[in-house]
Amino acid sequence: MSRAPQKRRLETRAKLLAVAQEIVSEQGYSGLRVEDVVARAGVAKGTLFSHFGDKDGLLAVLIGGEVMGQLDQIHGLGTPESIDDLTKRLFVHLDFVAKDRMIFDILLRYSGATGSETNEVVTETFTRRCDLAKGWISQMQAAGTVRAGLDPEFLAEGIEAFLAHVLAISFCMEHELRDPKAALQPFLQAWLSP
């Protein structure tokens, strides 16, 4: 008998996520409102809060899922043949995050980097992207297309730092940087060139 409530809970969670994704598709991440989600899903606010804690917790699940899908996509492309190719593989992530400050804020906050909340999926996106880059770098080092003599994990962590840097600067009011993709290329060329 204890399975029925658990099944209902999972179905409610799935419904909340589906409704929230519909709203995001229509209005963007910044346009998501708890009131709209619960009204469309036909549940009380407390139900949403019991599943996700708050609106940002719901956003973390949605955004983390989107980034995981992007990582699946770039993983399927195999090892990049050049630093430019590696850089271009990261553009899908830069385009996604740069389109809405809310995405950047949620990823940063729920990654654990700020010492506040964490979300398992968001945290995993950082780990997975770093592992993916580490594997690419290892193979590219063997081919002589990136610098050797440094641990691939160290170089991959540098890529993560440059991604965060160009995104943060793109949202900073005092800078004129509008295209994080253009900003990333010189950093990665300097960081990875043999």
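The values are calculated or read from the model by the stated rules, or taken from the named source; none is laboratory data. All values reported here derive from a predicted model rather than from experimental measurement. Positions of Cβ are generated from backbone atoms using ideal geometry, with glycine treated the same way; all protein chains shown enter the neighbour counts.
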**Prompt:** Checking Gly57 against (1) assigned to a helix (DSSP H, G or I); (2) farther than 25 Å from Thr127 by Cβ, which test does it fail?
**Reply:** (2)
**Message:** Of all residues being polar (S, T, N, Q) and within 20 Å of the chain's Cα centre (by Cα) in region 161-194, which is modelled with the highest pLDDT? Just the residue, please.
**Reply:** Gln185
**Message:** Criterion first (buried (at least 18 other Cβ atoms within 10 Å of the Cβ), over 30 Å from Phe162 (Cα atoms) and in contact with a helix residue (DSSP H, G or I) (Cβ under 8 Å, 6 or more places away or on another chain)) does Leu48 satisfy it?
**Reply:** yes
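When you check Ala20 against the structure, is it surrounded by fewer than 15 Cβ atoms within 10 Å (Cβ to Cβ), in a helix (DSSP H, G or I), modelled with pLDDT of 95 or more and of a type in the set (A, V, I, L, M), yes or no?
So Ala20 fails the test.
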